[in-house]
Amino acid sequence: LILLFAIFVDDAGVRTRDSSRMLILAYWGIMVVTTGTGRVLYRTARRRLLTAGVGLRNALIVGWNAKGRDLYDRVLQHPALGYRVIGFVSLDKRKRDVAHGSASLLGHSSELPSLIEKYSVKDILIALESSDHNRLLDIITHCDGHDVSWKILPDMYDIVSGQART
């Protein structure tokens with residue numbers, strides 16, 4: 001913007017407007033190329049670091065069900081997502097002492113505040129069945145006051161109806 005005004009002020013007494021327009025075009029071309037190149041280099045470097053395990057964020061998967069286990073498998077397949085899954089949190093208090101892969105069931109959703117603090121969790125990945133959608137507000141309430149972000153895995157009804165915007 002400064003260069004734009006400098007060119008117009010410099011050319012105010014001179015009648016050569018074509019050269020200033022070419023300079024502006026060249027300026028914007030250089031800006032697009034350098035900004036685009038910088039962003040591509042940054043994203044490539046960040047993806048490689050995440051794939052190598054540097055900068056991963058601790059995450060919990062809420063939902064000890066097929067969707068939760070499938071989500072865990074997909075996160076392991078794509079380390080560039082940036083998640084280190086610590087374990088699972090169940091909605092059912094009766095389920096204990098089970099594991100999937102290297103992640104185990106850590107507790108019940110009412111224990112989320114202590115689990116978030118204990119494992120320094122930054123992301124909560126929510127994989128609920130259709131029958132458990134009414135418990136979503138309880139899960140969010142348990143996380144209240146903690147610096148975590150929620151990622152909600154939509155079900156097929158949400159995707160088809162166009163409501164999968166969370």
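The values are calculated or read from the model by the stated rules, or taken from the named source; none is laboratory data. Every value quoted in this text rests on a predicted model; they were computed, and no experiment measured them. Here Cβ is always computed from backbone atoms with ideal geometry, including for glycine, and neighbour counts include all displayed protein chains. Ligands, DNA and RNA are excluded from the accessible area calculation, which covers all protein heavy atoms including side chains. Shrake-Rupley method; radii C 1.70, N 1.55, O 1.52, S 1.80 Å.
General remarks:
- If the segment from Val98 to Tyr119 were pulled out straight at 0.36 nm per residue, it would be longer than the present Cα-Cα gap by 5.7 nm.
- Approximate spin-label separation Ala6-Leu137, in nm, with each point projected 7 Å along Cα-to-Cβ: 5.8 nm
- Calculated from backbone phi, Karplus (6.51, -1.76, 1.60) coupling profile of region 65-72 in Hz, x at Gly/Pro: 8, 5, 5, x, 5, 5, 4, 4
- Zone of Thr51's modelled label, taken as backbone nitrogen in region 63-79 under 20 Å from a point 7 Å along Cα→Cβ: 73-79
- Counting heavy atoms of the protein chains alone, Asp92 has an accessible area of about 40 Å² for a 1.4 Å probe.
- If the segment from Ala80 to Asp144 were pulled out straight at 0.36 nm per residue, it would be longer than the present Cα-Cα gap by 20.3 nm.
- Tyr42/Ser130 FRET efficiency (R0 35 Å; Cβ-Cβ; nearest 0.05): 0.35
- Computed over all pairs of different Cα atoms, the Kirkwood value for the hydrodynamic radius of region 48-88 is 10.4 Å.
- Rolling a 1.4 Å probe over the protein heavy atoms of region 94-147, with every protein chain left in place, gives an accessible area that is 46 percent carbon and sulfur.
- Cα gyration tensor category, rounded, prolate or oblate, for region 81-123 with a/c compared to 1.5: oblate
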